[in-house]
2 protein chains.
Amino acid sequence: MLKLDKTSKTPIYLQIYQQLKDQIISGQLRPEERLKATRTLSEEYHLSRNTVLNAYQQLESEGFVRSIVGSGFYVEDLPEYQGNPEKEVSIPSVEKRSEDPVYDFRYGSIEPNVYRTRAFRKALKDAVEELERRDSLQDTDPRGTFGLREAISEHLREVRGVEASPDQIIITSGHHYSVSLLKRIIPNEIRTLAIEDPGHRDSRTIFREAGFQIVPIPLDDNGIRTEHILSLRHSLIYVTPSHQFPMGMILPIGRRLQLLKWAKVSDSYIIEDDYDSELRYREQPVDALFSLDRNERVIYLGSFSKSLSPDLRVSYIVLPRSLNSILSSEDLPASSSSVLIQLALEKYLRSGEYRKRIARMRNILRKKHALIVDRLNGHYGDLLTVFGIGGGTHFVLRLPVKADQKQIVSFFRERDVGVYPTDDYFITKQGSDPLIMIGYSGIPSDTLNEYMDRFIQTLDELIKRSD
Amino acid sequence: MLKLDKTSKTPIYLQIYQQLKDQIISGQLRPEERLKATRTLSEEYHLSRNTVLNAYQQLESEGFVRSIVGSGFYVEDLPEYQGNPEKEVSIPSVEKRSEDPVYDFRYGSIEPNVYRTRAFRKALKDAVEELERRDSLQDTDPRGTFGLREAISEHLREVRGVEASPDQIIITSGHHYSVSLLKRIIPNEIRTLAIEDPGHRDSRTIFREAGFQIVPIPLDDNGIRTEHILSLRHSLIYVTPSHQFPMGMILPIGRRLQLLKWAKVSDSYIIEDDYDSELRYREQPVDALFSLDRNERVIYLGSFSKSLSPDLRVSYIVLPRSLNSILSSEDLPASSSSVLIQLALEKYLRSGEYRKRIARMRNILRKKHALIVDRLNGHYGDLLTVFGIGGGTHFVLRLPVKADQKQIVSFFRERDVGVYPTDDYFITKQGSDPLIMIGYSGIPSDTLNEYMDRFIQTLDELIKRSD
């Protein structure tokens with residue numbers, strides 16, 4: 001018996017299909033049983049034969065029945081159906097992201113908002129119009145659009161002293177993707193990653209998951225202690241020479257040269273993560289390691305996350321020619337970055353507005369930086385240590401308290417202040433120091449004093465408690 | 001001796017810095033040599049002392065010199081500088097992507113162009129305006145924006161019978177990223193991937209690189225031969241049940257149920273790649289395996305690449321609750337998908353225009369499909385086998401020639417016709433069959449006959465040659 005509702009929005013053939021399917025699943029129609037002939041069923045319900053045939057064919061295409069020419073449709077012998085076909089629809093309650101604290105020193109937030117600039121909005125509009133003109137849409141080159149790679153090549157030459165043709169550049173959808181791709185690009189015999197300790201956690205994890213041996217290299221006040229890598233051969237080293245992450249020092253030229261020499265003699269490669277060097281404001285940005293390299297041993301990682309917006313999802317890899325020449329496009333997965341965003345970014349870079357934005361951001365960050373340091377030094381003097389001078393968007397602070405980072409972070413959080421642990425960045429010395437990270441790039445300048453009031457008030461309270 | 005040009009656009013302090021740096025690198029200034037006192041140099045060149053001090057501090061911050069209080073600046077003892085500091089600037093000639101053939105049956109191209117629709121352009125515009133209102137920009141939830149996950153959740157319920165809350169959904173920047181993420185999400189003890197042979201190449205590669213054992217499972221005319229997996233335990237299986245990639249069959253319900261049962265009893269998981277099931281046009285799209293699963297063993301992969309545009313870079317993972325509950329946001333890297341695109345897509349889905357587009361695309365694809373099959377059957381009859389019926393955007397063809405795929409593809413390419421090899425999809429039987437893949441979604445309907453003329457003319461020529 002079928003219950004067909006001719007007033008329903010669901011076509012009749014789908015109603016037949018659904019009801020017969022349920023009867024097969026529930027066992028009401030038995031294996032090898034013959035369905036009613038299409039003619040019989042159509043007469044019984046006053047339907048066209050085609051309607052019935054459509055339903056039967058849908059059942060057949062999904063394997064519920066099979067047809068035997070000249071004989072009809074037979075129910076298949078199906079494996080036991082697990083559980084109740086009337087599925088309980090109990091969707092777990094939807095949780096939105098937990099409330100962010102009011103005074104949030106989150107690392108990675110950015111202001112001023114680039115979407116508020118006429119130049120960027122125009123670049124987006126022009127990009128949409130360019131896409132509109134295409135007859136069909138398809139993947140780009142796996143390395144990203146040629147135009148954006150060319151614009152980045154020109155930008156790097158001017159600003160970072162990096163000489164690289166568009167062919168050496170791969171656009172990605174973020175730092176994680178860049179590092180993940182490197183696994184495919186570096187020679188197979190390299191199975192060891194030396195990395196700054198403390199350093200970038202996600203990069204470490206990606207290589208560890210890929211089966212690399214991880215060798216933590218300690219820092220001193222000048223950055224990574226290069227004497228610790230001299231015995232390594234056929235290795236990768238992951239460094240942030242322009243602005244150590246997270247501690248903030250600039251690697252001195254002597255150690256830079258030592259790294260380059262080591263890479264040459266030990267047949268190794270250097271991954272230079274240049275994540276925020278454009279935002280150096282005390283001195284000129286330091287030239288990239290890539291630009292000093294004469295032996296094609298440096299892989300350069302860049303990003304627009306800190307300078308434009310983290311939500312664009314555009315980063316890039318610059319390969320030395322030695323690696324680039326062995327790479328064919330077929331070795332790469334489809335490009336991971338939206339073409340619309342790539343086109344818009346290319347136009348924005350070429351308009352010259354990006355350089356102006358960087359200059360403006362440097363000024364804003366310099367002032368924020370000075371304000372925070374003044375407030376902290378004024379109130380705490382030598383009690384509190386500030387790591388990270390002269391650039392970027394964050395500090396690491398050593399607080400004058402005896403408490404572990406989790407306790408510190410939740411103490412602040414309970415008072416609506418967002419500060420962040422650094423433990424995850426450490427490999428060997430987790431949990432030993434009352435170090436926290438604060439970011440200041442996302443805090444509007446005119447509210448920063450208020451944020452610092454709240455921070456100092458909270459820290460005072462914490463210091464009093466831990467006495 | 002310094003050569004300072006006061007008419008240059010380069011600030012004087014940078015000129016001093018650059019020239020002293022070159023002198024240190026070239027050895028003209030020796031290790032431990034003392035730089036001229038700032039007062040001396042400033043008087044000598046009629047400069048302010050601050051200008052000189054700026055230059056010296058930049059040198060110091062990069063480690064070329066060190067300052068000794070009350071004494072001055074001393075050149076550091078640097079490791080030997082490799083090679084010639086006057087770097088040759090020889091950028092390799094820029095290669096654009098090689099010319100695409102005129103008659104290109106490329107898989108993955110899409111028309112009609114969604115950027116030409118008013119609804120999508122409006123969604124983009126509204127998304128820009130929404131971003132404009134934000135005071136600062138920051139990363140979203142690593143799973144993607146809540147709104148898009150909610151819109152996808154509603155869409156899947158309606159169209160694919162998939163019941164999943166936004167919490168179970170992760171937005172990614174494409175299929176490659178989705179599969180790469182899965183390695184982080186599935187339980188550690190799972191180290192085996194069973195996969196359709198032929199099947200999706202990139203997925204296989206990702207798991208192989210992660211150290212998984214790959215078990216190829218053969219197909220027959222109905223799809224993957226599920227009897228071959230019964231002995232596997234604690235495994236993953238990667239399947240395309242709604243439309244086998246690349247061969248195009250629908251997996252019958254009997255085998256679907258067998259897969260689900262196997263996953264339960266063997267403590268395994270199923271990756272259901274549902275890449276183009278919305279574009280099924282002969283019958284209704286078949287319900288997803290995820291919607292049949294009662295035991296939380298199916299991971300669903302979806303994408304907008306085939307239905308909207310490959311250049312948007314938006315795909316998604318739907319996790320079963322069993323896996324979702326052990327996943328915290330901190331285990332995931334930053335979201336890889338542009339927030340602008342996510343917001344626009346959410347608005348487009350909610351407008352109802354996406355459903356209309358799918359319905360329209362199905363009609364267009366049905367007609368293109370019929371035209372191609374008619375032309376091929378009319379001309380070649382049983383000589384040529386067409387794999388893939390009833391849905392999607394591509395066919396696999398077995399050509400009646402004795403030639404390997406490379407030869408076939410370049411023969412066509414020389415005559416300006418783009419057809420594509422299938423060898424990469426095969427694990428065990430590479431190179432044995434004259435199989436090629438053609439895509440038809442990107443070819444405008446009014447030119448398809450002309451494309452087929454050219455295809456048939458070329459194939460006729462090839463057949464004649466290989467006789």
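Remarks
- Its relative contact order, with pairs defined as Cα atoms under 8 Å and 6+ residues apart, puts chain A at 19 percent.
- For chain A, the longest principal axis of the C-alpha atoms and the axis of helix A:448-466 are separated by about 80°.
- Only protein heavy atoms count here, probed at 1.4 Å, and on that basis chains B and A bury about 8900 Å² of accessible area in total.
- Label geometry 7 Å along the beta-carbon vector: A:Glu227 inter-copy distances in nm: 7.0
- Shielding of A:334-346 by partner chains, average beta-carbon count, 10 Å: 6
- Inter-chain neighbour count for B:313-319: the average number of beta-carbon atoms from partner chains within 10 Å of each residue's beta-carbon is 2.
- In Å², nearest 10: area of A:Asp374 left accessible to a 1.4 Å probe: 110
- Extended-chain gain in nm, criterion 0.36 nm per residue less alpha-carbon gap, B:Leu383 and B:Glu450: 21.9 nm
- Proximal lysines to B:Lys3, defined as alpha-carbon separation beneath 24 angstrom and excluding residues fewer than eight positions away on the same chain: B:Lys21, B:Lys36, B:Lys87
- Integer Hz, Karplus 6.51/-1.76/1.60 couplings in order for the stretch B:7-20, x for Gly and Pro: 8, 6, 6, 6, x, 4, 5, 6, 5, 4, 3, 5, 6, 5
- Separation between Cα centres of the stretch A:1-49 and the stretch A:433-451, rounded to whole Å: 66
- Model label zone, B:Ile214; criterion: amide N under 20 Å from point 7 Å along Cα-to-beta-carbon; scope the stretch B:148-175: B:175
- Label-reachable residues, the stretch A:332-363, where backbone N falls under 19 Å from a point 7 Å from A:Arg133's Cα toward its Cβ: A:339-351
- When A:Ser26 is represented by a point 7 angstrom out along its Cα-to-C-beta vector, the spacings to that point in the other copies are 9.2 nm, nearest first.
- Gyration tensor verdict on the stretch B:391-467 (Cα atoms; rounded if a/c is under 1.5, prolate if a/b is larger than b/c, oblate otherwise): oblate
- Total formal charge among the other residues, if their Cβ is under 15 angstrom from that of A:Arg133, Lys/Arg +1 and Asp/Glu -1: -2
- Grouping the Cα pair distances of the stretch A:118-351 into 10 Å bins from zero gives a pair-distance distribution of 8, 33, 36, 17, 5, 1 percent in increasing distance order.
- Shape summary: the protein assembly as shown maps onto an equivalent ellipsoid whose semi-axes, from the alpha-carbon gyration tensor, are 57, 32, 25 Å in decreasing order.
- Computed over protein heavy atoms with a 1.4 Å probe, the carbon and sulfur contribution to the accessible area of the stretch A:355-466 reaches 49%.
- Only aspartates and glutamates eight or more places from B:Lys264 in sequence, or on another chain, were considered; those with a Cα closer than 17 Å are A:Glu80, B:Glu189, B:Glu227, B:Glu272, B:Asp293, B:Glu296.
- Largest to smallest accessible area among A:Tyr420, A:Tyr238 [probe 1.4 Å]: A:Tyr420, A:Tyr238
- Once C-alpha pairs closer than 8 Å and six or more residues apart are averaged by separation and normalised to the residue number of the stretch A:206-322, the relative contact order reads 20 percent.
- Shape summary: the stretch B:6-60 maps onto an equivalent ellipsoid whose semi-axes, from the alpha-carbon gyration tensor, are 18, 14, 9 Å in decreasing order.
- Under-28-angstrom lysine pairs by C-alpha in the stretch B:347-467, whenever the two are 8 or more apart or on separate chains: 10
- Cβ-Cβ distance of B:Lys429 and A:Thr40, R₀ of 51 Å, FRET efficiency by 1/(1 + (r/R0)^6): the value works out to about 0.65.
- For residues of B:10-22, the mean tally of beta carbons on other chains within 10 Å: 1
- Nm distances between copies for B:Arg360, ranked from closest, using label points 7 Å along Cα→Cβ: 3.8
- Interface burial in the stretch B:268-301, defined as at least 20 Å² less accessible area with all protein chains than with the chain alone at a 1.4 Å probe, covers B:Glu283, B:Gln284, B:Val286, B:Asp287, B:Leu292, B:Arg294.
- Where only DSSP H runs of four or more residues are counted, chain A gives -12000 deg cm²/dmol as its mean residue ellipticity at 222 nm, each run worth -39500 (n - 2.57).
- Cα-based shape type of the stretch A:314-413, given that a ≥ b ≥ c are square roots of the gyration tensor eigenvalues and the cut on a/c is 1.5: prolate
The values are calculated or read from the model by the stated rules, or taken from the named source; none is laboratory data. Values in this document were obtained by computation on a predicted structure and should not be read as measured data. Neighbour counts run over all protein chains shown; Cβ positions are idealised from the backbone, glycine included. Accessible surface areas use protein heavy atoms only, side chains included; no ligands, DNA or RNA. Shrake-Rupley method; radii C 1.70, N 1.55, O 1.52, S 1.80 Å.
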